[in-house]
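Presented below is the structure to which this report refers.
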Amino acid sequence: MKKTHNQSSEQLMLRAIELAQKAWGQTHNNPMVGALIVHQGSIVSEGYHQLSGSQHAEIMALEGFKENADKDTELFITLEPCSTPGRTGACTEAILNSGIKKVFVGTLDPNPHHAGKGLDFLKSKGIDVVSGILEADCRDLNILFNHWIVHKKPLCTLKMAVTLDGCLAASTGQSKWITGEKARTDVMRWRRLFPAIGATQSTVLNDNPQLTSRLNEKVFCPKRFIFNRRLKGIEDFEKYSVYNDAFKENTTLVYGEGSSKASIESLKQTGLDAWEVGESEDGLLFEDFLSRCAEASLCGIFIEPGAKLATHLIQNKIADYLFMYQSPKLLLDQKASSLGYERSSQRMDESINLSDIRRSDFGEDHLVRGFLKL
């Protein structure tokens, strides 16, 4: 057990966040939560929520605490403890029974029906509660869960890499590699968090991607969706990794209801999993697709789009969140692929902004991510 002395509440909450991240991508559709018990400045017990349906972080930390709580015993939790029994019992009752008299909480329960109730219960029983410790970081830990529990639909996320002059690919379509290895490793980390990933058939044809997370020699494959409105190139599916690798059962083709009978028959012959969705003049109805994702209990999808799809999803207020990796390169290609496909903005106040912005550097590359303010 790691021992620490005289650390600030922020430092201790940061440790709780680190604990929560041990379950990165493993708790859907529950949140990642970390908890630790501190006595006289030393961490004496730790816990984190490991899998959906397993013990909550607070319970794990409490079970590892073998001493009697006194006035110098404190509990740190990244997320407000639950106050309803659920599958594992109310954590507020367990805290009350532990004898701990001071609790530090990172952020409130995002569920509007529960938010604040756990803290109110503890306060009503004479427990000193301090909330809002590293609140933004604790909230960011569960961007998928928070969106899911409030909206009951997946967080539609776009990931793009661009040059300094805003190009997503050269005019030839070639885009490997805009960013460096460190940034691409970070993408692998986010692919591991999301239960689903999406790409267009054009990306499959041009790049033959694996669409997996490859970290520390471990390979994880989320549910893979390939958007192919007219089932283009379906006869040659055997050429591409996503349809033939060890994770091919995780791949689903998404096609439009207006596809020809011949194409649909060819699709059936492949044996591939497929979803038919509605269409509009602009293409596939992503609202239909996201509804199907919700029915499948997929709390988030990490889409790696081209310029056309990205522009469509942003300007039609379908995308919720954006990852933008920027490399300090100038492509200087007038015909290169860039955002704003067939869009003509006349004024700066037509700009689309981000909120809850987070920034990171990966070598020479820079990441800006946040919620699209639509």
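The values are calculated or read from the model by the stated rules, or taken from the named source; none is laboratory data. From a predicted model like this one, the values you see are computed outputs, not experimental measurements. Cβ sites come from the backbone with ideal geometry, for glycine too, and all protein chains shown count toward neighbours. The protein model used for the area step is the full one, side chains on, heavy atoms only, and it has no ligands, DNA or RNA in it. Shrake-Rupley method; radii C 1.70, N 1.55, O 1.52, S 1.80 Å.
Within segment 131-209, which helices (runs of 4 or more DSSP H) (wholly inside it) include 2 or more residues that are exposed (fewer than 15 other Cβ atoms within 10 Å of the Cβ)? Show your work before the answer.
Working: elements: 135-140, 143-151, 181-193, 201-207.
Once the helices (runs of 4 or more DSSP H) in segment 131-209 are filtered for at least 2 residues that are exposed (fewer than 15 other Cβ atoms within 10 Å of the Cβ), what remains is 143-151, 181-193.
Tell me, yes or no, whether segment 291-302 has at least one residue that is part of a helix (DSSP H, G or I), under 26 Å from M160 (Cβ atoms) and open to solvent by 60 Å² or more (accessible area, probe 1.4 Å). Yes: segment 291-302 contains one or more residues that are part of a helix (DSSP H, G or I), under 26 Å from M160 (Cβ atoms) and open to solvent by 60 Å² or more (accessible area, probe 1.4 Å).
Applying a threshold of 7 Å to beta carbon distances and a minimum spacing of six or more residues, or different chains, the list of pairs starting in segment 10-35 at a residue that is touching a residue at least 40 places away in the same chain (Cβ under 8 Å) and ending at one that is assigned to a helix (DSSP H, G or I) and among the basic types (K, R) reads W24/R192; G25/R192.
Looking at segment 303-322, which of the residues that are open to solvent by 50 Å² or more (accessible area, probe 1.4 Å) and of a type in the set (S, T, N, Q) is nearest to G340 (Cα to Cα)? Full working, then the answer.
Residues of segment 303-322 open to solvent by 50 Å² or more (accessible area, probe 1.4 Å): 308, 315-317.
Filter again for of a type in the set (S, T, N, Q), leaving 315-316.
Details: Q315: 9, N316: 12 Å.
The residue in question is Q315.
Residues that are farther than 12 Å from A16 by Cβ and open to solvent by less than 10 Å² (accessible area, probe 1.4 Å) within segment 56-79 comprise just one, T73.
Residues in segment 256-274 that are open to solvent by 30 Å² or more (accessible area, probe 1.4 Å), among the aliphatic types (A, V, I, L, M) and assigned to a helix (DSSP H, G or I): A262, I264. Close Cβ contacts (under 6 Å, 6 or more residues apart or on different chains) running from residues in segment 281-299 that are more than 15 Å from K317 (Cα to Cα) and of a type in the set (A, V, I, L, M) to residues that are open to solvent by 50 Å² or more (accessible area, probe 1.4 Å) and in a loop (DSSP other than H, G, I, E, B) comprise A294/K153.
A count restricted to segment 80-107 and to residues that are buried (at least 23 other Cβ atoms within 10 Å of the Cβ), of a type outside the set (A, V, I, L, M, F, W, C) and touching a Leu at 6+ places or on another chain (Cβ under 7 Å) stands at 4.
Within the span defined as segment 249-257, every residue fails to be small (G, A, S), modelled with pLDDT of 90 or more and under 18 Å from I197 (Cβ atoms). The set of residues in segment 62-78 being out of contact with any helix residue (DSSP H, G or I) (no Cβ under 9 Å at 6 or more places or on another chain) and either under 9 Å from K101 (Cα atoms) or part of a strand (DSSP E or B) (or both) consists of D70, K71, D72. Among the residues of segment 275-290, is any hydroxyl-bearing (S, T, Y) and either in contact with a strand residue (DSSP E or B) (Cβ under 6 Å, 6 or more places away or on another chain) or assigned to a helix (DSSP H, G or I) (or both)? Checked against the condition, which is being hydroxyl-bearing (S, T, Y) and either in contact with a strand residue (DSSP E or B) (Cβ under 6 Å, 6 or more places away or on another chain) or assigned to a helix (DSSP H, G or I) (or both), segment 275-290 yields no hits at all.
State whether one or more residues within segment 334-357 are outside any loop (DSSP other than H, G, I, E, B), among the β-branched types (V, I, T) and over 16 Å from the mean Cα position of the chain (by Cα).
At the first step, the residues of segment 334-357 found to be outside any loop (DSSP other than H, G, I, E, B) are 337-338, 348-350, 353-357.
Checking which are among the β-branched types (V, I, T) leaves us with 357.
Then keep just the ones that are over 16 Å from the mean Cα position of the chain (by Cα); that gives none.
Within segment 334-357, not a single residue is outside any loop (DSSP other than H, G, I, E, B), among the β-branched types (V, I, T) and over 16 Å from the mean Cα position of the chain (by Cα).
Y325 - would you say it is of a type in the set (F, W, Y), surrounded by 13 or more Cβ atoms within 10 Å (Cβ to Cβ) and at pLDDT 90 or above? Write out each step before concluding.
Working: of a type in the set (F, W, Y): yes; surrounded by 13 or more Cβ atoms within 10 Å (Cβ to Cβ): yes; at pLDDT 90 or above: yes.
Judged against the criteria, Y325 is a match.
The listed residues are G47, G106, G118, and the only one of them that is in contact with a Cys (Cβ under 8 Å, 6 or more places away or on another chain), assigned to a strand (DSSP E or B) and under 20 Å from I17 (Cα atoms) turns out to be G106.
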